[in-house]
Amino acid sequence: MSDSPPFKAPIGTHDVLGVDSARWEGLVATFAGFAHRYGFHLAITPLFEDVGVFKRGIGEQSEVARKEMYVFEDRGNRTFALRPEGTAPIVRAFIQHNPTTPFKAWYFTPAFRYERPQAGRYRQHHQLGVEVLGTDDPMIDVEVVSLAQRFFEDLGLRRFRLLINSMGHAQCRAAYVALLREYLSQHADELCDEHATTWSENPLRVLDCKNERCVAVTDKAPMLIDHLCDDCRAHFDVVRAGLVALGIDASVEPRLVRGFDYYSRTTFEFVSDALEGAQNAIGGGGRYDGLVEQLGGKPTSGIGFGSGVERLLLTLDAEGVTGAFGAQRELDIFLVDTVGGEAGSVLLDRLRHEGYSVDRAYDQRSMKSQMKLADKSGARLALLLGAQELAAQEVTMKDLRSGDFGTTQERVAQVDLFAILAQRLKVT
RNA sequence: GUGGGCGUAGCUCAGUUGGUUAGAGCGCCAGGUUGUGGUCCUGGAGGUCGCGGGUUCGACCCCCGUCGCUCACCCCA
């Protein structure tokens, strides 16, 4: 033992163990199921990338790129960053490997941002998401948004809303930003303390400000949604109509400006009404038609969606949804072995080979103690292997869920065990 | 980066105006005779009172610092 203080998980990170990890497993498995049904395949890319992937990807000026990245140098003096989000790495991989399009990938990944943690916000959090590269068909926008919508519905969430907006493409947005800049320049002194000085750097950010003074100004400001070019307008209308056709309710939110610079045209966000406080976005995404080029690839359109696992779990709790995620994985059998040695180990090996989930006690505990553990394990059956059973080539089988704590049990020959188990454990 | 609240056993928390060996519930372990789970009963293990300094005859308690947790701003998932 050393006399230095014990190690702890770094600030803003956390361990997921026991019943918590069972919920994570369920959540990720559910999302994977959705992704597969929508034709996505899993993409696994490095947790760290050349820092330029993110700086050029999400924008040098973005909050995240400027001060929230975990940047480090390796021994070869290369500068890397831990991924702060999931899209840029997949786009980098897309450019590098040039796969056939449309390229549809899903991911489950940690994401790192150096910020002060609070409810629903961590330095390492985890995201589930999808990306589609190589098509600007508005129907893919509908597909991505609906995947998210259906996923949230399937989890049992009810108190959430879908907000949607269009950022236009590069040209019509530039024209609009000029218009907005002109408007803001006339009202700069009415903005909140922060934006009174910074509005010029990123005028769009002011639209997203919750300060009442900024809101008062932007209430009358020109909105991008009203200044889209014909193509962008048409794209947006088709997306909205497509959602309506699926019975998905999306409210247009002209102020919706997402944090990364790469967005164009469709942007959307799912906000929970069950979460208190400001961290109420449980998922979001949008189209990023210029990103591939930005990272050095051929002009290729793309769209993606990401959702924070920690926030989803918070939301599930807030809505009181326990569902399938509360339960521990079921154990079929608990082996109570009082003889020790190899006999129990061999039996376990055979049971597991047959596909049963089986656990046991260790350290030569008493039978009573092992029975207690069997009970707590939640297993359906206990198999008892003692000196008597061993000598007779038998095993005692006991139903742990009969509700009767007496001695209802039977001795079966080991040669008949699997046939009996197949019958016994099949009936739920 | 800024501000508020909080750090006592694995967990949730008590701890009287500063006063002997710091407590409870839950959890854990072991027993309640011959090889058997729940409930019940008995016993046990487990704490540098976050850490460092100061005040005091004496500090879990008061003061300062520090670290951590937490909530909010900002930004986002």
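The values are calculated or read from the model by the stated rules, or taken from the named source; none is laboratory data. Everything numeric here is computed off the predicted structure, so don't read it as measured data. Backbone-built Cβ (ideal geometry, glycine too); neighbour counts: all protein chains shown.
Values for this structure:
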quantity	calculated
Residue within region A:354-369 that is within 16 Å of RNA strand B (Cβ to nearest atom), assigned by TED's automatic domain parsing to the domain that holds A:Gln61 and of a type outside the set (A, V, I, L, M) present	no
Options A:Ala81, A:Ala88, A:Ala105: the member that is assigned by TED's automatic domain parsing to the domain that holds A:Gly26, farther than 24 Å from A:Ala35 by Cβ and of a type in the set (A, V, I, L, M)	A:Ala81
Residue match in region A:269-281 (condition: in contact with a Phe, Trp or Tyr (Cβ under 9 Å, 6 or more places away or on another chain) and closer than 22 Å to A:Cys172 by Cα)	no
Region A:192-217, subset within 13 Å of A:Arg255 (Cβ to Cβ) and touching a Lys or Arg at 6+ places or on another chain (Cβ under 7 Å), residue surrounded by the most Cβ atoms within 10 Å (Cβ to Cβ)	A:Pro203
Residue count for region A:168-191, restricted to those that are of a type in the set (A, V, I, L, M), surrounded by 12 or more Cβ atoms within 10 Å (Cβ to Cβ) and within 20 Å of A:Cys214 (Cα to Cα)	6
Test: residue in region A:111-129 that is more than 10 Å from RNA strand B (Cβ to nearest atom) and over 26 Å from A:Pro299 (Cβ atoms)	no
Residues being surrounded by fewer than 20 Cβ atoms within 10 Å (Cβ to Cβ) and more than 22 Å from A:Tyr38 (Cα to Cα) - total across region A:91-102	3
Evaluation of A:Val336 against (1) within 11 Å of RNA strand B (Cβ to nearest atom); (2) surrounded by fewer than 15 Cβ atoms within 10 Å (Cβ to Cβ) (one fails), failing number	(2)
Any hit, region A:136-148, residues being at pLDDT 95 or above, more than 16 Å from RNA strand B (Cβ to nearest atom) and touching a His at 6+ places or on another chain (Cβ under 7 Å)	yes
Residue, farthest from RNA strand B (Cβ to nearest atom), within region A:36-79, restricted to residues that are buried (at least 20 other Cβ atoms within 10 Å of the Cβ) and aromatic (Phe, Trp, Tyr)	A:Phe40
Residue match in region A:329-343 (condition: β-branched (Val, Ile, Thr) and free of Cβ contacts under 8 Å to residues at least 40 places away in the same chain)	no
Residue, surrounded by the most Cβ atoms within 10 Å (Cβ to Cβ), within region A:343-353, restricted to residues that are closer than 19 Å to A:Leu400 by Cβ and not aliphatic (A, V, I, L, M)	A:Gly344
Complete set of residues in region A:145-200 that are of a type in the set (Ser, Thr, Tyr) and over 17 Å from A:Asp261 (Cβ atoms)	A:Ser146, A:Tyr183, A:Ser185, A:Thr197
Wholly enclosed helices (runs of 4 or more DSSP H) of region A:196-309 bearing at least 1 residues more than 16 Å from RNA strand B (Cβ to nearest atom), more than 16 Å from A:Leu163 (Cα to Cα) and out of contact with any Gly (no Cβ under 9 Å at 6 or more places or on another chain)	A:212-219, A:230-245, A:291-294
